[in-house]
Amino acid sequence: MVISGGENLNTELLELARTGFRTTKQADDLNTQLQRLLAMQYRYGPARMAIGLSLSLSSPPDIDINSINDYGKAIHGENLFGSGTELATWVALIVEREKMDVFRKKDFVNAVAAHWHRGINLLWEAWKNCGNDFDKFLIHIMEQAGVNRDGEAYNKRIINKTGEFYPNAIPVDLVLGDPGTNIATNEKVVWRMNGRGVSPHIAIMGTLGTGKTRLANNLVYQVKSAAKDCGFIIFDMGKGDLANDENLVQSLGATVIKVPLVPVPLDVLHIVEKSNTSILDAARRFRDSFQRASTSRLGGKQSDAVREAGIRALRKNSSVMLSDLRDVLQEVYNENNKKTDDIVFSTFKELCDYNLFEPQLSPDEFFRKSWIIDVHEADEMTQRFVVFLIIDAIDTYLARLRDSALDEEFNRALRLLIVIDEARKVLGFDHPSLINIVRTSRSKGGAVLFITQSPDDFVQDDENYLENIGLSICFRTNAKSSALKSVFGTSVDLAGLGNGVCVTRLPNSSSLIRVQAWQ
């Protein structure tokens, strides 16, 4: 952080301590009511709670403070935030949250007002939802903060009023198959999926008939058994084996969606806050996925038209169907006196011929359940489009949640396991949301299990997915030696492995292990 004008940090903090902070008149009135209802002696009590609650949310407050004319009463910084280290901590939290590369007092004051406004309204909503019951309200706030009724940190499954999901954190130890033994020692080979500093992502590779899908199923069963609250999204892009596995479906309590015969009941373009930033971001994501799914490359003007259609449709409708986007796109072309674009509209027509999505469930509702999305009977463009849009929704969903819980050993709670069979069909498209999930979803409780035929599929021009994979498992393959070296860090020949035998390297181990995954 750079202090404007080169002022000394202590001087700047002293100035903030003397500054009067205000929020909107409406929020200030709620602050006064909560102060009375919660029997707080000072006005800064509910204000601190409100600012802290707002800062815990990943999205920015959806209010333009500069447009507000009616403000409430002021609270001096030394009262609102305390002094010394306490004040400095609050300042650091807000500066980091607002990404202030250069500190300006006006920007800081406005940020406080916006977070105060949002937080106090959320607290008031929580109070009303708890039936004006002080005990219920207190328990609700303690649960959001991760504190139990005795004032100690706790680790429980929580679904709060906004639908955010906080499953329990316990160790998830996976045996690499059945029997899953080290051929050299005959000992079980066990990997802790959610341990401290470990990436939870898995890559299983091997040619047809070697046992990779069988091992993947076994690992999914184990994750479900250990992390009972974890949700599963399985993309069956292979032969329908996963979708037709009745034991797997029953074990996960999953719903099978056979695309394109049955629509996916997800509001796939859902935005939580209808702010300009959220709309622009959602429209960009749709444009990127549309471009990557399309069999024809879009030009700059075509790309801009698709993005503009997305912006308008999202501003117009609370839930957007693909047909809405198609109709708005036609309006965009008509306004600019352009002829209907055969490339864009033929792609939209093909996608809208089937009812691919129905916005029945929000992402919060959809991703708390388990689904097997069977796209293997759809054409490849439709397969990519459906998978890319759902992955976009997963990335957006996870990004706005607070970090998943940790237990005493720093094992991270798992929220969602994404399984992609025949992952080669999506790995080669540099899909931004998939890359982001692999890079950043660990802290949110996200994990990806890739199933594909060759290590070559993971090494793309702009992205090497293997750099972020926690466990790589390879059955028999004729992959290039360079690809295998990128997986295991050393040259290895796997062309002669028998069925059911795989090679892996566990974290913090310098040697490769040959595993009898199945007999």
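The values are calculated or read from the model by the stated rules, or taken from the named source; none is laboratory data. Just so it is clear, the model here is predicted, and its values are computed rather than measured. FYI the Cβ positions are ideal-geometry reconstructions off the backbone, even for glycines, and counts take in every protein chain you see. The protein model used for the area step is the full one, side chains on, heavy atoms only, and it has no ligands, DNA or RNA in it. Shrake-Rupley method; radii C 1.70, N 1.55, O 1.52, S 1.80 Å.
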| note | When the range 399-421 is checked residue by residue, the ones that are within 17 Å of TRP371 (Cβ to Cβ) and of a type in the set (D, E, K, R) are ARG415, ASP421
| Can you tell me which of GLY209, GLY195 is among the small types (Gly, Ala, Ser), out of contact with any helix residue (DSSP H, G or I) (no Cβ under 9 Å at 6 or more places or on another chain), on the phi > 0 side of the Ramachandran plot and not in a strand (DSSP E or B)? | GLY209
| task | Output yes when any residue across the range 175-197 is at pLDDT below 75 and hydrophobic (A, V, I, L, M, F, W, C), and no when none is. | result | no
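Conditions tested, residue by residue: (1) surrounded by fewer than 21 Cβ atoms within 10 Å (Cβ to Cβ); (2) among the basic types (Lys, Arg); (3) within 19 Å of GLN26 (Cα to Cα).
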site	(1), (2), (3)
LYS99	yes, yes, no
ASP107	yes, no, no
ALA114	no, no, yes
HIS117	no, no, yes
ASN121	yes, no, yes
PHE137	yes, no, no
ILE141	yes, no, no
| said: Is it the case, given these coordinates, that ILE420 is of a type in the set (Val, Ile, Thr) and either under 22 Å from the mean Cα position of the chain (by Cα) or open to solvent by 20 Å² or more (accessible area, probe 1.4 Å) (or both)? | reply: yes
| query | When only residues in the range 439-451 that are surrounded by 23 or more Cβ atoms within 10 Å (Cβ to Cβ) and among the β-branched types (Val, Ile, Thr) count, which is nearest to the chain's Cα centre (by Cα)? | reply | VAL448
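Wholly within the range 21-101, which helices (runs of 4 or more DSSP H) include no fewer than the required count, namely at least 2 residues that are farther than 24 Å from ASN132 by Cβ?
Helices (runs of 4 or more DSSP H) meeting the threshold: 77-80, 84-97.
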| task | Check off (1) open to solvent by less than 10 Å² (accessible area, probe 1.4 Å); (2) at pLDDT 90 or above; (3) more than 20 Å from the chain's Cα centre (by Cα) for ILE372 and give me the number that stays unchecked. | result | (3)
| Which number in (1) in contact (Cβ under 8 Å) with a residue 60 or more places away in the chain; (2) open to solvent by less than 40 Å² (accessible area, probe 1.4 Å); (3) farther than 19 Å from VAL387 by Cβ marks the one condition that ALA305 misses? | (1)
| message | Being at pLDDT below 85 and either at positive phi or open to solvent by 30 Å² or more (accessible area, probe 1.4 Å) (or both) is the requirement here; does GLU380 meet it? | response | no
| note | Considering residues that are of a type outside the set (S, T, N, Q), touching a residue at least 24 places away in the same chain (Cβ under 8 Å) and farther than 16 Å from ALA114 by Cβ, the number found within the range 21-37 is 3
